[in-house]
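**Q** Encoded as structure tokens, here's the structure I'll be asking about.
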Amino acid sequence: MNTASAASIAVVGPGAIGTAVAAALHEVGRTPSLYGRTPRDHLTLQVGDRVITVPGPVRVDPAEFGRPVDLVFLAVKATQTEAAAEWLTALSGPETVVCVLQNGVEQLEGITLHAPRARIVPAVVWFPAQAQSDGSVRLRGDMRLSLPDTSAARVAAEALHGTRCRVELTANFRALAWRKLLQNAVAGLMALTHRRAGMFGRSDIASLALAYLRECLVVARAEGTELGDEVPQEILDKFQASPADMGTSILTDREAGRPLEWDIRNGVVSRRGRALGVPTPISDVLVPLLAAASDGPG
Ligand SMILES: NC(=O)c1ccc[n+]([C@@H]2O[C@H](COP(=O)([O-])OP(=O)(O)OC[C@H]3O[C@@H](n4cnc5c(N)ncnc54)[C@H](OP(=O)(O)O)[C@@H]3O)[C@@H](O)[C@H]2O)c1
């Protein structure tokens, strides 16, 4: 793909992460087409005092506007993938690369189902971005993605080359994805308590978090993932060192009464554990609570 000659790039799901990636591309003159659910004239990213405006419009009708592009950045929540599948069908040809900017370790399986013709690239998104009440998005850290070292991933890396979004191609993608999953899984405790990172300062919560992280680690290793014994404590240390009011997107969704990404962040551990014959007693309590908090009924 020749990024210099304005190869066609699309962002599907211009929310917190989608806006950040669209702005990074726009800043270097590779403005992507925007496809979403809510029509908008433009997107706005706030980076410190700087405001980046990405020209729209955000198109919302796949039947009218979809045609194959070179590269799609898919940034809908995992709970929204099915509803966004029409975009994937409309935008994907046999050469199209779909880079999936979603949490979890199941992006390949989840998206191939909806875009069987495309070349799917999973990503680990390491930066936080937050939608504001005025519709703009605030970038809350340096932009960084990890991608597997594949030819399709290199298309996405090339598109982002020279932008504010740093891309690392890694031979050890699976381990990075699982490490991020452990972090996301334990953050689910915040959605259950409606509390922020300060809660990990309690000794009872710290013990529970560590036990849960170790349970997730056993499943990750049973899958063949190389992660060290130190990982659970390192993740807990990070939460304990965070500002007490630091939240997480699953808590934000819970507070807004939106569906939660409980299945890809927590359910996956018990599902994979069951398939591998690994007991997951902590997940077996947490996952139904998160599922019910997300989906009801009641
Ligand atoms: N935010 C973070 O800091 C962060 C960090 C790491 C990883 N992640 C992961 O990145 C993924 C995206 O998260 P996010 O925080 O960016 O979510 P988000 O802010 O909720 O953005 C999702 C976007 O998708 C749009 N959308 C919903 N249904 C759609 C459809 N049918 N077709 C097209 N677009 C549709 C939404 O439109 P509306 O405007 O209508 O809602 C919204 O613009 C998640 O898997 C999340 O876990 C997020």
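**Q** Would you mind working out the magnitude of the charge dipole of the chain relative to its Cα centre, with +1 at each Lys and Arg C-beta and -1 at each Asp and Glu C-beta, to the nearest 20 Debye?
**A** 160 debye
**Q** Would you work out what percent of the accessible area of the chain, with all protein chains in place, is carbon or sulfur (probe 1.4 Å)?
**A** Ligands and nucleic acids excluded, carbon and sulfur give 51 percent.
**Q** Determine which residues of region 146-161 fall in the zone a paramagnetic label at residue 65 would reach in this model, i.e. backbone nitrogen under 16 Å from the point 7 Å along Cα→Cβ.
**A** Within reach of a label on residue 65: no residues.
**Q** Where only protein heavy atoms count, and the probe is 1.4 Å, what is the accessible area per residue for region 147-200 in Å²?
**A** For region 147-200, the per-residue accessible area is 41 Å².
**Q** Could you report the accessible area of residue 70 in Å², rounded to 10, computed with a 1.4 Å probe on the protein chains as they sit in the structure?
**A** 60 Å²
**Q** Roughly how big is region 43-152's charge dipole about its Cα centre, with Cβ charges of +1 (Lys, Arg) and -1 (Asp, Glu), in debye to the nearest 20?
**A** Dipole magnitude for region 43-152 comes out near 220 debye.
**Q** To the nearest 10 degrees, how steep is helix 16-27 against the longest Cα principal axis of the chain, on a 0 to 90 scale?
**A** Relative to the chain, helix 16-27 is tipped by roughly 40 degrees.
**Q** On to the next question. State the answer as a single residue: which of 157, 78, 26 lies farthest towards the positive end of the charge dipole of the chain, with beta carbon charges of +1 for Lys and Arg and -1 for Asp and Glu, about the Cα centre.
**A** Toward the positive end, the furthest listed residue is 26.
**Q** For the chain, what mean projected area does the convex hull of the alpha carbons give, in nm²?
**A** Answer in nm², one decimal: 15.4.
**Q** Calculate the FRET efficiency for residue 8 and residue 133 from the Cβ-Cβ distance with a Förster distance of 41 Å, rounded to the nearest 0.05.
**A** Once the sixth-power term is evaluated, E becomes 0.80.
**Q** With a 1.4 Å probe and every protein chain left in place, tell me how much accessible area residue 230 has, in Å² to the nearest 10.
**A** It works out to around 100 Å².
**Q** Another question, then. Give me the 1.4 Å probe accessible area per residue for region 1-146, excluding ligands and nucleic acids, in Å².
**A** Counting only protein heavy atoms, the per-residue value for region 1-146 is 44 Å².
The values are calculated or read from the model by the stated rules, or taken from the named source; none is laboratory data. These figures come from a predicted structure and were not determined experimentally. Cβ sites come from the backbone with ideal geometry, for glycine too, and all protein chains shown count toward neighbours. In case anyone asks, the SASA skips ligands and DNA or RNA and just uses the protein heavy atoms, side chains included. Shrake-Rupley method; radii C 1.70, N 1.55, O 1.52, S 1.80 Å.
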